[in-house]
Amino acid sequence: MSQKTEAGVAARAFRRGFRHVPTVVTVVLFEQPDPELPTGITIGSFVSLSLEPPLVCFNVMKSARMHDTAVAARNFVVHVLREDQNELSDRFAMPHYRRAEQLDGLTTVPGPFGYDILDNALVRFDCALEEVHDAGDHSMLVGCVLDVVEGEPGRPVVYHQRAYHAIGDRVADSTLEGDD
């Protein structure tokens, strides 16, 4: 039996339970004029929210160095990492890294909003920030997708049970119609 607090299950049990939920690994970049601060952050909470309008969302911990930059942003770029890019996840998760350390040695390209972005992600979502919601110890950012740029075909890296994984064999085709 798990421990409960006034607000719900204890944080440790919550974390342990969510280790069973695989998440796609993304790196979100923002404009960062201060070279002493990071320009991006690794996010595991990226999801689609709405088709009309095309909305996505993700969460940023309020104590993260990127929090203030993220919630003040006018736009952002979400890079879905491919299975051979897991080292980028670790790099952008380092809270003490500055912009130069995050981008050092990486191939970047000019992005749609005037700052450099990562080259060769599996897919990239260029977004305008629509809303920011208070969500406990996180802020939830909602963005309108302005463009989707697909990279070379591949498989995403996912995070599961505190490790990176590639998606394996297909179990079955979907029976849903209308998935493009």
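Every read-out reported here was derived from the displayed coordinates using simple, explicitly stated rules and does not represent laboratory data. Computed from a predicted model, the values in this text were never measured in an experiment. Note that we place each Cβ from the backbone using ideal geometry, even for glycine, and neighbour counts take in every protein chain shown.
Quick check: net charge around ARG124, other residues with Cβ under 11 Å of its Cβ, Lys/Arg +1 and Asp/Glu -1? Neighbour charge sum, excluding ARG124 itself: -4. Site-free segments of the chain were taken between GluC sites (Glu not before Pro) in DSSP loops having at most 14 other Cβ atoms within 10 Å, sites themselves excluded; the longest one is 37-176. The trypsin sites (Lys or Arg not before Pro) of segment 33-82 meeting both criteria, a DSSP state outside H, G, I, E and B (loop) and at most 10 other C-beta atoms within 10 angstrom of the site's C-beta, are ARG74. Taking trypsin sites (Lys or Arg not before Pro) across segment 99-180, the ones in a DSSP loop with at most 12 further Cβ atoms lying within 10 angstrom of their Cβ are ARG162, ARG170.
3J(HN,Hα) along segment 31-46, derived from phi through the Karplus expression 6.51 cos²θ - 1.76 cosθ + 1.60 where θ = phi - 60°, amounts to 5, 9, x, 8, x, 7, 10, x, 9, x, 8, 7, 10, x, 10, 6 Hz, with x in place of Gly and Pro. Sum up the charges of everything whose Cβ sits under 15 Å from the Cβ of ASN86, counting Lys and Arg as +1 and Asp and Glu as -1, but leave ASN86 out. Around ASN86, the charge tally is 0.
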